Amino acid sequence: MMLSRDKIFSTEDYTAFISSFVLPMVAIAIFLGLWSASAKQVQTSLGQLPGPSAVFQQASNLVDEHFAEREKEAAFYQRQEKRNAAKLAKDPNAKVKIRPYTGKPTFFDQIVTSLVTVFTGFVLASLIAIPVGIITGLSNNLYKAINPVVQLLKPVSPLAWLPIVTMVVSAVYVTDDPMFEKSYLNSAITVMLCCMWPTLINTAVGVSSVDKDLINVSKVLRLGWFTKVYKIVLPSAFPMIFTGLRLSVSIGWMVLIAAEMLAQNPGLGKFVWDEFQNGSSNSLGRIMVAVIAIGFTGFLLDRGMLMLQRRVSWDKTAVLR
Amino acid sequence: MKREHLNIDHVTMEFPTPTGAFRALDNVDLVIDKGEFVSLIGHSGCGKSTVLNVVAGLYQATAGGVILDGTEVNEPGPDRAVVFQNHSLLPWLTAYQNVELAVKQVFGRKKSRAEIKQWIEHNLHLVHMDHAMHKRPDEISGGMKQRVGIARALAMQPKVLLMDEPFGALDALTRAHMQESLMEIHADLGNTVIMITHDVDEAVLLSDRIVMMTNGPAATIGEILKIDLARPRNRVEMADDAAYNHYRHEVLQFLYERQRRPGEEAEAVEQEQESTQELKVVKATRAA
Ligand SMILES: Nc1ncnc2c1ncn2[C@@H]1O[C@H](COP(=O)(O)OP(=O)(O)OP(=O)(O)O)[C@@H](O)[C@H]1O
Ligand SMILES: [Mg+2]
């Protein structure tokens, strides 16, 4: 018996392969080609604008630097331990100090810092925005009352919030033994203030547009307030709430980078700013690596939210993109 | 004197609109006995749903009121279960869970866990939904959804079952099956039923009385037709029954001669065609 070739690779398989793999690859190749061609035309005070290959070179440098830094750190702790052990051997009652390593954070450390900060701001924002959104969505009058305030605060740029947040944090958060860095709080609170609004508005709209028949069902059943919200309102507002959350994450990520640049708070934004100030011949390339990393991380955050939505959504047939 | 079960007492309903109050219902007055099956029929927009919503307590009458077993109806409640036209099941719950929500709310404290489960299954069995109990609304057909909606309403053990065009969105064959089921259930449980319908055959086949409403605005009850046909009724036998066809004719006459509005000829012709289609279905079921 002969198996014909197109039994194994049907025409649909080929089209699917082309549209989901080949087409994006072609687009990326064209993009890289245009980039490399146009970069050659631009001379800056820091030398020629780096093309793809120069940027790739810098990316691998950053990876190497990261591992070099980690080795230095490990070596530092090893030396310290040895010293302390020797001290203790001489005199078992000697006080030993364990000092933390204070090396420069690497590119990847900065990514982690930024991720932790954006996550904090986003979670704080959601913890405020979802309950407030539900309550405003349920009451027409409350919605009318709160809407102008929201509309007024929503378009405020992170750069405007930052000085206020900084002043308030340093005035209010005074302890001798701070659990969090002030810079971390500043960034996280700025992110929170800016990314709260899409979730709040979408939740309120989702909650207020619950099918009237379903609300009638809850009236006929005489469901209590809590049961009504939990069993009927929340599940039906769920897609809207998630749309808001996804917008919030994206906005939060953009805001964070700007805030870190402006306030010199640790994170990817500070990395970009430091490189800009540094002004070596490698700086532009390293900034471009950061730009790509920022874009890619933002993309991953969005995909992550989408996966979470697919996971917890009751409607598995909904097309989410 | 026998105490009346459900009294829709001179109900007038006005809706506030930007251009002033709109009087939808004017002096609707009707007394319904326990266990009676009443159909409301009338042209689209005359105010049938409004009557039902007033009885359900979802609307408050502007004047007059509704009295159920001696108590005035002021708010919605499970003693007046509603079957909505578009089924209104919660799409994120299975058929079982949809009925469960109602049963727990109504009997949560009075029944044990095992009794609740048994009661839910019993009601789904009544509407022949045992096999698809654990499917969600988007996984079952329109007729099945409507069955679950009815099961949910029945499970509340309501004094009155209110149905707003329960079978309006179904194809003729499915509708015929649903009518059979409803007749069975009504014979078994003896609920008081108010059903809105657009379908003349459905009204005559199922009802004890047909309440025909005049056209709005300010709609009211035009005529009430008592259907004196022995139960159980069989649609196939009814097709040739002289009394049945007489009742059917009366309703059609009311709708298309006495309550016909200018410019409604086209609609009337359509309706007539629909009725002949119904007849074909009857023949089809007989053949099968
Ligand atoms: N909430 C409301 N506000 C204002 N007007 C309303 C409201 N509800 C109904 N009406 C008006 O009252 C009239 C009766 O409406 P109703 O829905 O009771 O009609 P219906 O007989 O059920 O019609 P259909 O057969 O099409 O369902 C209509 O003219 C409608 O526009
Ligand atoms: Mg209606």
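Amide H of residue B:83: which non-local residues (sequence gap of 5 or more, or other chain) have their own amide H closer than 5 Å, using H built in the peptide plane?
For residue B:83, whose amide H was placed from the backbone, the distant partners under 5 Å are B:162, B:163, B:164.
For chain B, what does -39500 (n - 2.57) per DSSP helix run (n ≥ 4), summed and divided by total residues, give at 222 nm, in deg cm²/dmol to the nearest 500?
Values: 9 runs with 114 residues, N = 288.
Rounded to the nearest 500, it is -12500 deg cm²/dmol.
With Kirkwood's inverse mean 1/r over C-alpha pairs for Rh, give me the Rg to Rh ratio of segment B:95-194, two decimals please.
Working: Rg = 13.2 Å, Rh = 13.8 Å.
In segment B:95-194, Rg relative to Rh is 0.95.
At a threshold of 8 angstrom on Cα-Cα distance, excluding pairs fewer than six apart, so keeping six or more, what relative contact order does chain A reach in percent? Kindly include the intermediate steps, with their values, before the conclusion.
Details: 297 pairs, mean separation 67.3, N = 321.
Rounded, it is 21 percent for chain A.
Let me have the relative contact order for chain B, percent, based on Cα pairs under 8 Å that are six or more residues apart. Show your work: numbers first, answer last.
Details: 484 pairs, mean separation 64.2, N = 288.
Rounded, it is 22 percent for chain B.
Within 10 Å of each candidate Cβ there may be at most 11 other Cβ atoms; applying that plus a DSSP loop requirement, which trypsin sites (Lys or Arg not before Pro) in segment B:100-208 survive? Mind showing how you got there, number by number?
Values: sites: B:104, B:109, B:110, B:111, B:113, B:117, B:135, B:145, B:147, B:152, B:159, B:175; in loops: B:109, B:110, B:111, B:135, B:159.
Those that pass, being in a loop and sparsely packed, are B:109, B:110.
If you line up the Cα atoms of segment A:180-321 on their principal axes, what length do they span on each, largest first, in Å?
Principal-axis extents of segment A:180-321 (Cα, largest first): 72, 33, 21 Å.
Once amide H atoms are built 1.01 Å from N in the peptide plane, which residues 5 or more positions from residue B:22, or in another chain, come under 5 Å H to H?
B:15, B:17
Going by how many other beta carbons lie within 10 Å of each one, how would you line up A:11, B:62, A:117, fewest first? Don't skip to the answer; put the middle values down first.
Values: A:11 8, B:62 16, A:117 28.
Going from least to most buried by this count: A:11, B:62, A:117.
Where in chain A are the DSSP H helices whose C-alpha atoms run 18 Å or more along the long axis and whose mean Kyte hydropathy is at least 1.6?
Details: long enough: A:23-39 (24 Å, 1.88); A:52-90 (57 Å, -1.03); A:107-138 (46 Å, 1.85); A:140-153 (20 Å, 0.38); A:158-172 (20 Å, 1.92); A:182-208 (38 Å, 0.96); A:234-263 (41 Å, 1.45); A:283-312 (43 Å, 1.06).
Flagged H segments are A:23-39, A:107-138, A:158-172.
Would you mind ranking B:228, A:315 so that the residue whose beta carbon has the fewest other beta carbons within 10 Å leads the list? Mind dumping the intermediate values first?
Numbers: B:228 8, A:315 15.
Sorted ascending by nearby Cβ count, the order is B:228, A:315.
Quick check: Cα centre of segment A:165-244 to Cα centre of segment B:95-119, how many Å?
Measuring centre to centre over Cα atoms gives 32 Å.
Do any trypsin sites (Lys or Arg not before Pro) in segment A:82-146 lie in a loop, going by DSSP, with at most 14 other beta-carbon atoms within 10 Å of their beta carbon, and if so which?
Working: sites: A:82, A:83, A:87, A:90, A:95, A:97, A:144; in loops: A:95, A:97.
Those satisfying the criteria are A:95, A:97.
Per DSSP H run of at least 4 residues, take -39500 (n - 2.57); add these up for chain A, divide by its residues and hand me the 222 nm value, nearest 500 deg cm²/dmol. Intermediate results must be reported in sequence, preceding the final value.
Working: 13 runs with 240 residues, N = 321.
Mean residue ellipticity, 222 nm, calculated: -25500 deg cm²/dmol.
Counting only chymotrypsin sites (Phe, Trp or Tyr not before Pro) that are in a DSSP loop and have at most 15 other C-beta atoms within 10 Å, tell me the longest site-free stretch of chain A. Let's see the in-between values first.
Details: sites that count: A:9, A:101, A:173, A:180, A:314.
Longest stretch, sites excluded: A:181-313.
Using alpha-carbon positions, what is the distance between the centroids of segment A:52-117 and segment B:178-241, in Å?
Value for the Cα centre distance between the two parts: 84 Å.
Lysines near residue A:95 by alpha-carbon distance under 21 Å, same-chain residues fewer than 8 away left out - which ones?
Straight-distance partners of residue A:95: A:82, A:87.
List, in the order given, every pair from B:34/B:104; B:34/B:111; A:219/B:159; A:228/B:104; A:212/B:226 whose Cα-Cα distance in the structure shown is over 23 Å.
Details: B:34/B:104 26 Å; B:34/B:111 26 Å; A:219/B:159 17 Å; A:228/B:104 13 Å; A:212/B:226 35 Å.
In this structure, B:34/B:104; B:34/B:111; A:212/B:226 lie more than 23 Å apart at Cα.
Which values, in whole Å and largest first, are the semi-axes of the equivalent ellipsoid of the protein assembly as shown obtained as the square root of 5 times each eigenvalue of the Cα gyration tensor?
Working: eigenvalues 947, 182, 128 Å².
Square roots of five times the eigenvalues give 69, 30, 25 Å.
Relative contact order of segment A:152-206, please, whole-number percent, based on alpha carbon pairs below 8 angstrom and at least 6 residues apart. Provide the component values of the computation, followed by the final result.
On the way: 21 pairs, mean separation 26.4, N = 55.
Relative CO of segment A:152-206 lands at 48 percent.
Which order results if B:6, A:301, A:34 are arranged by neighbouring Cβ count within 10 Å, fewest first? Let's see the in-between values first.
On the way: B:6 23, A:301 19, A:34 10.
So the residues, fewest neighbours to most, are A:34, A:301, B:6.
Read-outs: derived from the displayed coordinates by stated rules, not from any lab. The structure displayed is predicted, hence computed values, not measured ones. We place every Cβ from the backbone using ideal geometry, glycine too, and count neighbours over all the protein chains shown.
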